[in-house]
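Take a look at the structure set out below.
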Amino acid sequence: MTKNLRLALLASTVLAGTASAQDVTLTVESWRNDDLTIWQDTIIPAFEEANPGIKVQFTPSAPAEYNAVLNSKLEAGSAGDLITCRPFDASLELFSQGQLADLTDLDAMSNFSDVAKSAWQTDDGSATFCVPMASVIHGFMYNKSIFDELGLEVPTTNEEFYAVLDAIKEDGTYIPMAMGTADQWEAATMGYQNIGPTYWKGEEGRRALIEGTQKLTDEAWVEPFRQIARWSDYLGDGFEAQTYPDSQNLFTLGRAAIYPTGSWEIGVFTPQIDGMFEMGAFPPPVQAEGDTCYISDHTDIALGMNAATENPEAARTFLNWVGSPEFATLYANALPGFFSMNSTPVEMEDPVAQKFVSWRENCEPTIRSTYQILSRGTPNLENETWNASANVINGAETPEDAAARLQDGLASWYEPQQQ
């Protein structure tokens with residue numbers, strides 16, 4: 001009897017230990033709070049069904065607060081197991097500080113090209129620390145119903161672009177363009193970085209800035225500020241206090257005709273406008289007909305592992321799944337506008353996503369100018385560009401003064417810009 005009891009207790013202990021070992025919950029840190037429903041309803045259930053015993057929680061922060069919130073959590077030891085990675089410098093800094101794990105040997109890394117991995121590698125390419133998830137393309141969305149009502153054609157040049165905005169403003173029924181400056185990052189990401197490549201000629205200018213052969217006070221870098229300064233006439237009353245969600249609502253409720261943005265909004269907007277109006281998209285206008293078109297086709301989002309996670313095996317299981325063709329297809333269609341970087345081709349169903357990605361056929365691609373190398377020092381060029389762009393649109397700083405301030409800040413720590 002005693003022997004049987006001991007055996008029963010031993011068996012129950014083993015079973016309890018096994019259940020406990022399998023009962024793992026992974027937490028994902030992210031700035032994509034717009035994606036909460038998609039993660040909860042589509043992405044997480046697909047993973048959990050195939051991986052019983054591993055649960056996943058998606059816990060996003062507000063986009064503008066993500067870096068600060070994440071850094072605070074990492075320093076306090078309270079960050080999640082999986083870290084959504086911004087491209088280049090911000091994530092490289094986390095890796096350099098030992099806060100992101102080295103994932104070079106992860107099996108799924110073989111599913112990505114060197115170019116796809118480059119935004120989440122050390123400068124020499126010897127270590128990769130995040131699994132690439134998607135790139136996004138900048139441009140403009142527009143309300144086709146409003147364009148049809150007012151007899152407007154999609155603009156391709158600057159002259160046509162401002163003529164369309166003037167026509168919408170003169171009609172007075174709709175806000176010509178929905179964008180606010182309260183959150184600052186919108187002004188830079190959806191404004192300056194959206195149209196800027198047209199003026200600094202994409203990769204040519206971006207690399208010249210890194211090499212020190214161009215400066216932020218050159219015409220190619222000042223002119224985009226002049227252009228977004230003109231936007232203030234078309235943003236509607238009170239845009240200075242308008243937040244990112246405010247801008248989204250103005251467009252999806254049909255109150256604004258044009259929304260300067262990027263492909264990341266497609267999955268958010270499509271269900272909201274269903275049946276209300278049809279959404280279209282056009283690339284950043286060129287200065288003159290026949291000019292080369294440039295787009296920011298930005299390596300945007302990846303997923304890494306908190307080096308301090310208590311669940312490294314489960315985290316690597318999830319990351320291998322994120323790097324799979326199955327996830328690539330699921331993610332690209334669950335979040336249309338986030339374009340897969342997996343080597344396996346993904347067929348997209350959404351027509352607006354197809355429109356955005358079609359620009360790759362005729363436009364020269366680049367990435368956001370501040371993301372690689374140039375935001376490693378203090379002042380941080382990315383964050384300073386947020387503030388400068390908002391100031392220029394608000395009329396608080398001239399384009400020339402904003403550019404000079406950014407140049408002085410960059411030159412204060414970045415040696416190639418000190419010559």
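Say we look at the stretch 37-63 and pick out the residues that are in a helix (DSSP H, G or I), in contact with a Phe, Trp or Tyr (Cβ under 6 Å, 6 or more places away or on another chain) and at pLDDT 95 or above; which of these is surrounded by the most Cβ atoms within 10 Å (Cβ to Cβ)? Within the stretch 37-63, the match that is surrounded by the most Cβ atoms within 10 Å (Cβ to Cβ) is TRP39.
Collect the residues in the stretch 386-402 that are closer than 25 Å to GLU65 by Cα and part of a helix (DSSP H, G or I), keeping them in residue-number order. Answer for the stretch 386-402, where residues must be closer than 25 Å to GLU65 by Cα and part of a helix (DSSP H, G or I): TRP386, ASN387, ALA388, SER389, ALA390, ASN391, VAL392, ILE393, ASN394, ALA402.
Scanning the stretch 269-290 for residues that are open to solvent by less than 20 Å² (accessible area, probe 1.4 Å) and not small (Gly, Ala, Ser) yields PHE269, ILE273, MET279, PHE282, PRO284, PRO285, VAL286.
Number of residues in the stretch 234-247 that are in contact (Cβ under 8 Å) with a residue 12 or more places away in the chain, on the phi < 0 side of the Ramachandran plot and open to solvent by 20 Å² or more (accessible area, probe 1.4 Å) equals 4. If only residues of the stretch 95-138 that are of a type in the set (Phe, Trp, Tyr) and at pLDDT 95 or above are counted, the one that is nearest to the chain's Cα centre (by Cα) is TRP120.
More than 17 Å from PRO399 (Cα to Cα), touching a helix residue (DSSP H, G or I) at 6+ places or on another chain (Cβ under 7 Å), among the β-branched types (Val, Ile, Thr) and modelled with pLDDT of 95 or more: does that describe ILE258?
No; evaluated as a whole, the condition is false for this residue.
One line per residue, one yes/no per condition, for (1) in contact with a helix residue (DSSP H, G or I) (Cβ under 6 Å, 6 or more places away or on another chain); (2) at pLDDT 95 or above:
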| position | (1), (2) |
| --- | --- |
| GLY304 | no, yes |
| GLU313 | no, yes |
| VAL322 | no, yes |
| TYR331 | no, no |
| PHE338 | no, no |
| SER343 | yes, no |
| VAL346 | yes, no |
| VAL357 | no, no |
| GLU364 | no, no |
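Only one entry of ASN311, ASN333 meets the criterion of being over 17 Å from the mean Cα position of the chain (by Cα), closer than 25 Å to ALA46 by Cα, among the polar types (S, T, N, Q) and buried (at least 18 other Cβ atoms within 10 Å of the Cβ), and that entry is ASN311. Restricted to the stretch 361-385, and to residues that are assigned to a loop (DSSP other than H, G, I, E, B) and open to solvent by 50 Å² or more (accessible area, probe 1.4 Å), which residue is farthest from GLN121 (Cα to Cα)? Taking the candidates together, the pick is ASN362.
For the stretch 64-95, filtering for residues that are assigned to a helix (DSSP H, G or I), open to solvent by 30 Å² or more (accessible area, probe 1.4 Å) and not aromatic (Phe, Trp, Tyr) leaves 12.
Reported count of residues in the stretch 336-368, each being of a type in the set (Phe, Trp, Tyr) and more than 14 Å from the chain's Cα centre (by Cα), is 2.
Look at the stretch 30-41: where a residue is without any contact (Cβ under 8 Å) to a residue 12 or more places away in the chain, no partner that is surrounded by 15 or more Cβ atoms within 10 Å (Cβ to Cβ) and assigned to a helix (DSSP H, G or I) sits 6+ places away or on another chain with Cβ atoms under 6 Å.
Take MET276 and tell me if it is outside any helix (DSSP H, G or I), over 28 Å from ASN394 (Cα atoms) and in contact with a Lys or Arg (Cβ under 8 Å, 6 or more places away or on another chain).
In short, no.
The values are calculated or read from the model by the stated rules, or taken from the named source; none is laboratory data. Keep in mind the model is a prediction, meaning the values are calculated, not measured. Cβ atoms come from the backbone with ideal geometry, glycine included; neighbour counts cover every protein chain shown. Note: areas computed on protein heavy atoms with side chains; ligands, DNA, RNA excluded. Shrake-Rupley method; radii C 1.70, N 1.55, O 1.52, S 1.80 Å.
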